[in-house]
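Written below as structure tokens is the structure these notes are about.
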Amino acid sequence: MIKVMLSMFLITQNAKDIMLKVHNRPTWKSMKSKLELRLIPAKGRERIYKMESYSMKNEKDETSMLIKFVYPGDVKGTKFLLIEHKDREDDIWIYLPALRKAKKIIASGKKGAFMGSDFSNYDIGGGEFEDWDYKLLEEKEYEGKEVYVIECTAKSRDVIKKTGYSKIIKYVLKDISLTVYSEYYDKSGNLFKKITTDKYENIEGVWFETEMTAENLKTGHKSKFVFTEIEANVKLPKKYFSPSYLK
């Protein structure tokens, strides 16, 4: 019995260490890029949003990210701001030109869709490490690469309410601690979404997901993010990352 308990502890601890490396992967001090979001229905026409993305780390190694919509005309001027906090919930703000005001997204709203896509606001923010319990399910090969398969289980009902997920299965590359595939389970434990990293690149020593696709398995709807013209460690105005700038 003691051996079984010890084995389970080591599996859990190993999984936690693996995911901590994912969460703390090296990144740039700042970054700007062009960003495209493609909404791809099972039937019908594709819709495309074009954006500018900016991010910066502060002295506490916390990241702030601003996304500015530039196309099409009906969403131009919309802004999305994420401010990361290591000691409390991240802040998320959205500015809608039609309302001429910035709105803070409360915790329960983070499971909402980002601009009608299959990515949630919580997905965009990268998630909170402390929200989950971790378990190493197996080690295997995925598309020619060695990966860890990690089960992330919501720690509480509050986490499920906030994220919309009761469990996430992640495939993590062993060599660079990058997640290349994830499966998402709803509050009832049913698989309903997957996110695939279609392309990742080493840019100035940092591995970064430049193309990602989310698919709703119930509706067949897909959403794809594509990053281009990435510039790392550039000087950015600090005002970009203040809620007051959104207005």
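The values are calculated or read from the model by the stated rules, or taken from the named source; none is laboratory data. Everything numeric in this text was worked out from a predicted model, so none of it was measured. Cβ coordinates were reconstructed from backbone atoms using ideal geometry, including for glycine residues, and neighbour counts include every protein chain displayed.
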> Picking from Ala42, Ala102, which residue would you name as being in a loop (DSSP other than H, G, I, E, B), touching a Ser or Thr at 6+ places or on another chain (Cβ under 9 Å), modelled with pLDDT under 95 and not polar (S, T, N, Q)?
Replying inline: Ala42
>> Going residue by residue through the range 77-90, is there one that turns out to be in contact with a Pro (Cβ under 7 Å, 6 or more places away or on another chain), hydroxyl-bearing (Ser, Thr, Tyr) and over 20 Å from Thr213 (Cβ atoms)?
In response: yes
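Here is a yes/no grid of residues against (1) at pLDDT below 95; (2) over 30 Å from Thr78 (Cα atoms); (3) within 15 Å of the chain's Cα centre (by Cα):
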{"residue": "Asp118", "(1), (2), (3)": "no, no, yes"}
{"residue": "Ile124", "(1), (2), (3)": "yes, no, yes"}
{"residue": "Asp131", "(1), (2), (3)": "yes, no, yes"}
{"residue": "Lys135", "(1), (2), (3)": "no, yes, no"}
{"residue": "Tyr142", "(1), (2), (3)": "no, yes, no"}
{"residue": "Tyr148", "(1), (2), (3)": "no, yes, no"}
{"residue": "Glu151", "(1), (2), (3)": "no, yes, no"}
{"residue": "Asn190", "(1), (2), (3)": "no, yes, no"}
{"residue": "Lys194", "(1), (2), (3)": "no, no, yes"}
> Is it true that some residue in the range 61-74 is of a type in the set (Ser, Thr, Tyr), in contact with a strand residue (DSSP E or B) (Cβ under 8 Å, 6 or more places away or on another chain) and surrounded by fewer than 16 Cβ atoms within 10 Å (Cβ to Cβ)?
Replying inline: yes
>> Yes or no: the range 223-246 includes at least one residue that is on the phi < 0 side of the Ramachandran plot, crowded, with 16+ Cβ neighbours inside 10 Å, in contact with a helix residue (DSSP H, G or I) (Cβ under 6 Å, 6 or more places away or on another chain) and not small (Gly, Ala, Ser).
In response: yes
> How many residues, within the range 163-217, are closer than 20 Å to Glu138 by Cβ, in contact with a helix residue (DSSP H, G or I) (Cβ under 7 Å, 6 or more places away or on another chain) and of a type in the set (Lys, Arg)?
Replying inline: 0
>> Take Gly220 and tell me if it is touching a residue at least 60 places away in the same chain (Cβ under 8 Å), surrounded by fewer than 16 Cβ atoms within 10 Å (Cβ to Cβ), over 25 Å from Asp91 (Cα atoms) and not acidic (Asp, Glu).
In response: yes
>> Show the residue pairs meeting these rules: Cβ distance below 6 Å; 6+ apart or different chains; first residue within the range 64-79 and in a strand (DSSP E or B); second residue among the small types (Gly, Ala, Ser).
In response: Met65/Ser55; Ile67/Ser53
> Given the residues Ala107, Ala98, Ala113, Ala15, which is the only one that is exposed (fewer than 14 other Cβ atoms within 10 Å of the Cβ) and not basic (Lys, Arg)?
Replying inline: Ala98
